[in-house]
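Report on the structure given below.
Just so you know, all these numbers are worked out from the coordinates, no wet-lab data involved. Given the structure is predicted, the values throughout are model-derived calculations rather than measurements. As a convention, Cβ positions derive from the backbone with ideal geometry for all residues, glycine included, and neighbour counts pool all protein chains shown.
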Amino acid sequence: MGNLPSFISFLEKEWGWEITYSEDGQQLLVDENKDFCVCPIANNIQGKASGKLCNCSEKFAEQIFSRVCQKNINAKVKRSVLRDGQSCIYEISGL
């Protein structure tokens, strides 16, 4: 907690995520860098899972980044495997 650069380093090294800061440093673009959905709920649904499940991942991203940054952070799913078949990308703001 309280060390965003260390958390970002962990996500990049251990989970393979690609993370970039906006020019003003107030937002992150977080790319899970996977060609599959990592959501355990979506993976256990027989048939096609709804892209609405990504709202859950959005809230999860808000929670983990809020905990690390020790303040309320906003997350928005910009792209997802379930919605368009491409790697999940989140926009993290409120840094």
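Those helices (runs of 4 or more DSSP H) of the chain in which at least 1 residues are within 10 Å of the chain's Cα centre (by Cα) and acidic (Asp, Glu), considering only elements entirely within it, cover 54-69. Out of SER66, SER22, SER93, SER6, one residue alone is hydroxyl-bearing (Ser, Thr, Tyr) and exposed (fewer than 13 other Cβ atoms within 10 Å of the Cβ). It is SER6. Within the stretch 25-52, the residues that satisfy the criterion of being surrounded by 14 or more Cβ atoms within 10 Å (Cβ to Cβ) and either under 14 Å from VAL68 (Cβ atoms) or β-branched (Val, Ile, Thr) (or both) are LEU28, VAL30. Within the stretch 75-84, does at least one residue satisfy the condition of being of a type in the set (S, T, N, Q) and surrounded by fewer than 16 Cβ atoms within 10 Å (Cβ to Cβ)? No, the conditions are met nowhere in the stretch 75-84. Within the stretch 63-88, residues that are in contact (Cβ under 8 Å) with a residue 12 or more places away in the chain have Cβ atoms under 9 Å from residues that are assigned to a helix (DSSP H, G or I) and of a type in the set (Asp, Glu) in these pairs: ASN72/GLU62; ILE73/GLU62; ASN74/GLU62; ALA75/GLU58; ALA75/GLU62; LYS76/GLU58; VAL77/GLU58, counting only partners at least 6 apart in sequence or on another chain.
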